[in-house]
Amino acid sequence: FVPVGWIRVPFATALAIATMCKMGIPHPPAGAAAATFASSDKFDGVYFALMLLGTLIAVITAILINNLNDKKQYPTYYAFVGESMKGSIVDALECVLPYFKRRKLEREQERQNELNMSLHYTITEFNRHRSSRFLKGL
């Protein structure tokens, strides 16, 4: 319904940005996607479906990565997930999360061991240096 020509790209971009601002979720790459699709007649439903698939994969990956941290949870509620699917999703995540928690604890233990060794060597060198100064004074 938008005329072909120079006005189509800025109109599509402005409409996308205005819609995002009205919804309270501004995202500049979405404005660029609108400009890309409006810039040529070659883009059709296949390209749009591929863009949506890529976006869906990115969002699912981000949700999984963000939920691996115990201090963060995104989204805070899953209103779009039906009651029948919640159990299977929870079961799937509970299978994966213990591995990541165990790896996190192992990394923390390795860092603590490195810190202890560093502290041990620092104290040893300090004592060695102090005793050599003491012996030189005699």
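The values are calculated or read from the model by the stated rules, or taken from the named source; none is laboratory data. A quick note: this is a predicted structure, and the numbers were derived from the prediction, not measured. No Cβ is skipped: glycine too gets one built from the backbone with ideal geometry, and neighbour counts run over all protein chains shown. We work out accessible area using only protein heavy atoms, side chains counted, and drop any ligands, DNA or RNA first. Shrake-Rupley method; radii C 1.70, N 1.55, O 1.52, S 1.80 Å.
Some notes on this structure:
- Within segment 51-72, being out of contact with any helix residue (DSSP H, G or I) (no Cβ under 7 Å at 6 or more places or on another chain), assigned to a loop (DSSP other than H, G, I, E, B) and open to solvent by 60 Å² or more (accessible area, probe 1.4 Å) holds for D70, K71.
- Scan of segment 26-50 for residues that are open to solvent by 70 Å² or more (accessible area, probe 1.4 Å), at pLDDT below 85 and of a type in the set (A, V, I, L, M), ordered by number: V46
- The set of residues in segment 13-25 that are among the small types (G, A, S), assigned to a helix (DSSP H, G or I) and open to solvent by 40 Å² or more (accessible area, probe 1.4 Å) comprises A14, A18.
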